[in-house]
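One structure is given here, and the rest of the page talks about it.
The values are calculated or read from the model by the stated rules, or taken from the named source; none is laboratory data. Given the structure is predicted, the values throughout are model-derived calculations rather than measurements. Counting neighbours? That spans all protein chains shown, and the Cβs are built from the backbone with ideal geometry, glycine included. Heavy atoms of the whole protein, side chains included, go into the accessibility calculation; ligands, DNA and RNA do not. Shrake-Rupley method; radii C 1.70, N 1.55, O 1.52, S 1.80 Å.
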Amino acid sequence: MGAVEPLIARAQAAPAGDVLSIRGVARTFAGGTVALQATDLAVAENDFITILGPSGCGKSTLLRMVAGLDTPTSGAIELDGRPVAGPGADRGMVFQSYTLFPWLTVLQNVCFGLREKGLPLQQQLDIAHPFIARVGLKGFEHHYPKQLSGGMQQRTALARALANDPRILLMDEPFGALDHQTRELMQELLLGIWEAERKTVLFVTHDIDEAIFMGSRVVVMSARPGRIKCDIPVPLPHPRHYAMKTTPPFAELKATLMEEIRVEVQRAAGLV
Amino acid sequence: MGAVEPLIARAQAAPAGDVLSIRGVARTFAGGTVALQATDLAVAENDFITILGPSGCGKSTLLRMVAGLDTPTSGAIELDGRPVAGPGADRGMVFQSYTLFPWLTVLQNVCFGLREKGLPLQQQLDIAHPFIARVGLKGFEHHYPKQLSGGMQQRTALARALANDPRILLMDEPFGALDHQTRELMQELLLGIWEAERKTVLFVTHDIDEAIFMGSRVVVMSARPGRIKCDIPVPLPHPRHYAMKTTPPFAELKATLMEEIRVEVQRAAGLV
Amino acid sequence: QETKVAVGISGWTGFAPLTLAKEAGIFKKHGLDVSIKKIPQKDRHLAIASGDVQCAATTVETWVVWNANGVATTQIFQLDKSFGADGMVVKPAIAKIADLKGKTVAADAPGTAGYFGLAWMLKKNGLSVKDVKVVNMGPQPAANAMIAGTSDIDAAMTYEPYLSAVRAKPEAGKIIATTLDYPMVMDTFGCTPKFLQDNPKAAKALADSYFEAVDMIRKEPKKSYEIMGADVKQSAEAFENSAKYLRWQDREANQKFFAGEHGQFSKEAADLLLEIGVIKAIPDLSRLADTRFLK
Amino acid sequence: MKPLAPVSPRSRVVLGVSFFVLFFVVWAAVTFGGVVPKQFLADPLTMVKSGWTLLTDFGFARDIGMTVWRVVGGFLIAAVIAVPLGVLMGAYKGVEAFFEPFVSFARYLPASAFIPLLILWAGIGEAQKLSVIFIGSFFQLVLMIAVSVGNTRRDLVEAAYTLGSQDRGIVLRVLLPSSAPEIAETLRMVLGWAWTYVIVAELIGASSGIGHMITDSQALLATDNIIFGIIVIGLIGLVTDFAFKAFNRKLYPWAQLSR
Amino acid sequence: MKPLAPVSPRSRVVLGVSFFVLFFVVWAAVTFGGVVPKQFLADPLTMVKSGWTLLTDFGFARDIGMTVWRVVGGFLIAAVIAVPLGVLMGAYKGVEAFFEPFVSFARYLPASAFIPLLILWAGIGEAQKLSVIFIGSFFQLVLMIAVSVGNTRRDLVEAAYTLGSQDRGIVLRVLLPSSAPEIAETLRMVLGWAWTYVIVAELIGASSGIGHMITDSQALLATDNIIFGIIVIGLIGLVTDFAFKAFNRKLYPWAQLSR
Ligand SMILES: Nc1ncnc2c1ncn2[C@@H]1O[C@H](COP(=O)(O)OP(=O)(O)OP(=O)(O)O)[C@@H](O)[C@H]1O
Ligand SMILES: Nc1ncnc2c1ncn2[C@@H]1O[C@H](COP(=O)(O)OP(=O)(O)OP(=O)(O)O)[C@@H](O)[C@H]1O
Ligand SMILES: [Mg+2]
Ligand SMILES: [Mg+2]
């Protein structure tokens, strides 16, 4: 990987280079629940944006609208300048719940999107195999999801999303259901892939350590009705090593975010 | 709460004062899986022992044997010098999965053990109400579990276990299914109760922060077949405040444990 | 003190005087508390065996079947004789009974009058039930199937009023033979030997009531037909019409019948039943009837 | 139309009603139009009229009452024995091992085939009809209840043990309440099947009941009555089922039954 | 005995067999002992002997074949129409809104009550028997399949959308495979019910089949034959069910079906 310049420089590039632009997006559900207040967010090429926020603040709603699985009540979402009209292969998503197709093997799962694109089988395999190797699942190609651990399933889901070569990768608490140690290993794996490929990523999490460790920018959302409260760049150099989590700059950033998020969590819980 | 002397002194008290003593306990399952190798552990009065270890190393198995829900293949478990023969109200347990009885309200759940003891209703209520208040669920007495959030359910489960006034409280990743922020609030709540009551606790977790923040001793277990790898006292004073998690002494302890546990996790994942 | 007795019959016109006797209070007058149960013929012996009914009405050869197959019963009087009320209907294409060889015939289950009638007619035409394909159907659905023009039935055994229904629809089929041509359907009334032994008076009362009901039909036809018709949801006229094809037997006719005809017919029927496999052995024919109660 | 995309409640109703309307229009067209002769299929109007006559003049309400009574009676007897047995089987694996193979074989025996035997054993009275319902529902009930009880969440049982419950407490205070909603659902489903059996029992040897009316009408080629009878059974089935469902939901507010 | 505590496989078998042994001993005792007269209940030995005679001398194998053919035939016809319709209903809520109210009413109509009408419409041949099976299974199938398809995990559907699937792909490559094991289970269950209907259809108006044999035996009070017939049906039901279950497990190795 060699020396990687601090990402922060890129994130501040001209808006013209934005992959994704979210402008004044709000969402009110049928029952009257305001899940998201008018929100603006610009995601530049190669950004790894982590979104932190208390439960129910509209993080998933925001991601789903970007994916095209939900429609904003107002505002506009644009990908490369074109408005988002519905779901599509250009925005890959990894969910918190295990969403591998249980009737397909690991290999077939990774090929799913490619097959939908109409690629011939050989080409599908040529693309899928390197990704499977990349997430460390060589030898598991013909296993069914139920034969895999949670971590392996999420790695497959990652490979499946990446195989489609999306413009942006949307991840909604992808490691939320994993145990703490597996989670840390997954973070390193994803970070390694990102450092190599520089895919643009929007990553939702509850875990402050994770948000700092992974992100080039951390976006904190306020309690419901959600809105972006602050947008903090992470000035840690790449490649990052897990030991970084116990270094003073990390702890400092964590202390700041902890205070920010704590107020929101207490507000969400109705304690303030 | 006032000034609380560092707990570490108590933990090193004479073995005669041990509440629980585990000697040479091993467990081999029917299929031949050795879940736990001969293990020794002494738990003194007022200890808060946290157990860390990779997935599958036998933490739950150990706790279940102490609870009497499983039987050791060899070795002896004694509570106050009397061998454990089966489950009983003297060892309260809180599980990772939500184990409130869904057909009972919060109040009825908390009264469950008291009713099994044959206490008259009024006495049950007299005991239950303060515990419900203690875990912050006043006003939710007549809610059914499905009307509660995950955190509220685990708080009720805690109140239910405490209401029985057990000699020792066994907790198997009680906050494992909660989101990160709720989890931190629960940690503070439990710590507050412990600082006031000094109940003896055996607490299993995957989360290093949690293990340090909560415990007076952290026990690290090796990968399967499980065995105790190290037993580290936590020299942090009580009462502890959440901000402590970003202080240098904490970070130092965390770095040590991270190294210890990382090796085990990698061994468990077959990476070493 | 009225004697309780349960009687199993069907909606067959020939049994109607029993209904009349009950509805007009004749049974009650003779010290009987009769309850009438409508039970399909193929189930009636099961009801007797179960003890739910003590007496029943059915055709003469059926008693042979029941006795042969383990349901002990004794006939005590005759009810009616079919004069064209039972018969076989065939598709227009069938010219004579002998043409039925290899064809499909609808008839009630073995051990019923319909099945026996079929066997009887076939035998008289040189065939046996093995030569045709018998489909189990009650007389009503069988007739309906013919009228509806169901393509897969070539002939059916049925009785009045369904026979008349076919008569009214010549394009659907024709009546090729009735009991006028083959006089083999006659109904009698019988009870379990145990009942007769325990309640000889009641048995006599049953016979007397029946004859009184037949008398009543003669004396007050209008009222009688109305009562009997109501039981099968028919108007008095319609009922009278269907009664044209049978003769209710009074006391004298009964005495004559049991003097010789009954025994002779039972013998012939038993031989045929044995031949077609409905019974496995011929029962003691001398014990089929008890004529004490006809006096 | 997108897969799984919900339709508005309004169009739901409109669409659902339109099928019924279509159905009746076609029925009326073929019958009034004379495409199908009367004795094959009565027209809707005659059907309704005859149904009314049946109710007012021929005491059909009594027949309905009889049929309902039989189903409910037979079913209650089956339930009263099946629930305790099923619970015991679910709770105690030894008891289950003893009964299970026989019961799971017996449930394949068609109740209708027993009718000749039942007439012989129980006569032609109500006992026979109740027995048919009993045979038709008992084995299913026992088996499904045993499965429900046996599937009780193990962690709840273990939680109860750590709270000091003894074996008796486990059965009465955990297994039973925890499987109660599923047992109630089982009862509802099996009751639905019992309707089929009662009609069979009444088609063969009965002097009252909806099935008997249908047999009677068959003799008269009264397709109007037959169809009316069938629809009445369908309606009763529908209504009981809905009532039972609502009752279960009321009784077990804590359970997430069918959404 | 502790609640839910498993028993050893050995004692499971011993207990299960002992019930059957007990059953036969009691049966033999009451019949050979003369407590119950022969014509009420045949003894086990006579039953087996008569069964053998039926098979060897009376061509009962053909009857069995006919019955099986009818069930399978009627069921296949129902399945061939019900599966596509059910899938469409599950996938497209508009289609569901159109058919669902009628179908959920129709499934309460007892197939057996249709027999008189079916004889009129379809005669007494095979068409009628197939129709009874069809009516008895079609509506249940449609409804249960629609529910299975409609219950497809939404997150899987959404995942497919984000992978570039179009509506057609969602139906064919997500909804269908995802509900396939449940559809197969539905087919298995409903096939089990179809057995009940075929016997009824054969009790009324048939010239072959197991039900017909039972009607024939009734006249002769041949309880041995009747019981043999019932047991044969039970065994066939048991065997098909097990075979179907095993087949489903083989066909869908990825699904966690009944453990
Ligand atoms: N389909 C819906 N209909 C109505 N309300 C909804 C719907 N989806 C979400 N909501 C509500 O919108 C709010 C935001 O939900 P969302 O799932 O986006 O939160 P979140 O930030 O992802 O929370 P979490 O951290 O728990 O995943 C919540 O209050 C939720 O109850
Ligand atoms: N009932 C059982 N039968 C057979 N093997 C079992 C059983 N219970 C647990 N095991 C095995 O024993 C080992 C230890 O299991 P245990 O549940 O104690 O691990 P753990 O440390 O609690 O893991 P986790 O962190 O995932 O909860 C695992 O390999 C597990 O597969
Ligand atoms: Mg979310
Ligand atoms: Mg565990």
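General remarks:
- Of C:K28/C:K295; B:K138/B:K254; C:K219/C:K244; C:K103/C:K124; C:K194/C:K219; C:K38/D:K129, pairs whose Cα-Cα distance is over 24 Å: B:K138/B:K254; C:K194/C:K219
- In the stretch B:99-115, the residues that give up 30 Å² or more of accessible area when the other protein chains are added, compared with the chain on its own (1.4 Å probe), are B:T99, B:F101, B:P102, B:W103, B:F112, B:R115.
- Here the spin labels are modelled as points 7 Å beyond Cα on the Cα-Cβ line, and at D:V35 and A:S74 they lie 5.6 nm apart.
- Rounded to whole numbers, the Karplus 3J(HN,Hα) couplings from phi for the stretch E:177-193 are x, 5, 9, 3, x, 6, 4, 4, 5, 4, 4, 4, 4, 5, 4, x, 6 Hz, using 6.51 cos²θ - 1.76 cosθ + 1.60 with θ = phi - 60°, and x at Gly and Pro.
- ³J(HN,Hα), Karplus 6.51/-1.76/1.60, whole Hz, each residue of the stretch B:26-39, x for Gly, Pro: 10, 9, 10, 7, 3, x, x, 5, 8, 7, 8, 8, 2, 10
- Total accessible area lost when E and A pair, probe 1.4 Å, Å² to nearest 100: 2100
- Packing order of peptides A:236-247, A:67-78, highest average first: A:67-78, A:236-247 (average count of other Cβ atoms within 10 Å over each peptide's residues).
- Placing R0 at 60 angstrom, the Cβ-Cβ distance between E:V17 and E:I77 gives a FRET efficiency of 0.90 after rounding to 0.05.
- Carbon/sulfur fraction of accessible area - the stretch C:115-221, other protein chains in place, 1.4 Å, %: 54
- Heavy-atom accessible area, 1.4 Å probe, ligands and nucleic acids excluded: residues of the stretch D:75-116 down by at least 40 Å² from chain alone: D:Y92, D:K93, D:G94, D:A97, D:F98, D:F102, D:F105, D:Y108, D:P110, D:S112, D:A113, D:P116
- Kyte-Doolittle at least 1.0, axis length at least 18 Å by Cα - qualifying DSSP helices, chain B: none
- Close amide H partners of B:M171, meaning residues 5 or more places away or on another chain with modelled amide H under 5 Å apart, are B:V94, B:L202, B:F203, B:V204.
- Interface of E with C. Using a 1.4 Å probe and counting protein heavy atoms only, the two chains hide about 1800 Å² of accessible surface, both sides summed.
- Over chain D, accessible surface divided per residue gives 40 Å², non-protein components excluded, 1.4 Å probe.
- Burial here means at least 10 square angstrom less accessible surface with every protein chain in place than with the chain by itself, probed at 1.4 Å; in the stretch B:176-219 the buried residues are B:D179, B:H180, B:Q181, B:E184, B:L185, B:E188, B:H206, B:D207, B:I208, B:D209.
- Computed from Cα positions, the angle between helix D:126-150 and the longest principal axis of chain D comes to roughly 40 degrees.
- Cβ-derived FRET efficiency at R0 35 Å, E:R249 paired with E:D57, nearest 0.05: 0.30
- Cβ-Cβ distance of E:V48 and A:H143, R₀ of 35 Å, FRET efficiency by 1/(1 + (r/R0)^6): the value works out to about 0.10.
- Of the solvent-accessible surface of the stretch E:60-254, computed with a 1.4 Å probe over protein heavy atoms with every protein chain present, carbon and sulfur atoms account for 71 percent.
- Chain C - percent relative contact order, Cα under 8 Å, separation 6 or more: 28
- Structure note, pairs C:K96/C:K133; B:K146/B:K199; C:K37/C:K222: Cα-Cα distances above 23 angstrom occur for B:K146/B:K199; C:K37/C:K222.
- Estimated from helices alone, the mean residue ellipticity of the protein assembly as shown at 222 nm is -17000 deg cm²/dmol (sum of -39500 (n - 2.57) over DSSP H runs with n ≥ 4, per residue).
- For the protein assembly as shown, the share of DSSP beta bridges that are antiparallel, to the nearest 5, is 55%.
- Here chain A exposes an accessible surface that is 54 percent carbon and sulfur, computed with a 1.4 Å probe and the other protein chains kept in place.
- Calculated accessible area for chain C comes out at 38 Å² per residue, all protein chains present (probe 1.4 Å; ligands, DNA, RNA ignored).
- Between the stretch B:36-69 and the stretch E:4-41, the alpha-carbon center distance in angstrom: 49
- The stretch C:22-44 and the stretch B:118-187 have Cα centres lying 73 Å from one another.
- Across C:T188, C:T104, C:T58, mean-square fluctuation computed from a Gaussian network of chain C (C-alpha pairs under 10 Å connected) peaks at C:T104.
- The stretch B:119-272, relative contact order in percent, only Cα pairs under 8 angstrom and at least six apart counted: 17
- Beta bridges per DSSP with both ends in chain B, % antiparallel, nearest 5: 50
- Cut-off under 5 Å, modelled amide H: who pairs with A:M221 long-range: A:L52, A:G53, A:K229
- Under 5 Å, built H, 5+ apart or other chain: amide partners of C:A289: C:Q75
- Using C-alpha pairs under 8 Å with a sequence gap of at least 6, the mean separation divided by the residue count of chain A gives a relative contact order of 28 percent.
- The string of couplings for the stretch D:88-94 from the Karplus curve (6.51, -1.76, 1.60, θ = phi - 60°) is 4, 5, x, 7, 10, 5, x Hz, one whole number per residue in order, with x for Gly and Pro.
- Proximal aspartates and glutamates relative to D:K38, as straight alpha-carbon distance under 12 Å, when same-chain residues fewer than 8 apart are discounted: D:D224
- Total accessible surface hidden between D and E, rounded to 100 Å², 1.4 Å probe: 6600
- Centre separation in Å (Cα based) which lies between the stretch E:194-259 and the stretch E:95-150: 20
- Between the helical axis of D:9-32 and the longest alpha-carbon principal axis of chain D there is an angle of about 40 degrees.
- Nearest 10 degrees, 0 to 90: helix E:223-251 Cα axis against chain E principal axis: 30
- Candidate aspartates and glutamates - alpha carbon under 14 Å from C:K4, same-chain residues fewer than 8 apart omitted: C:D33, C:D52, C:D198
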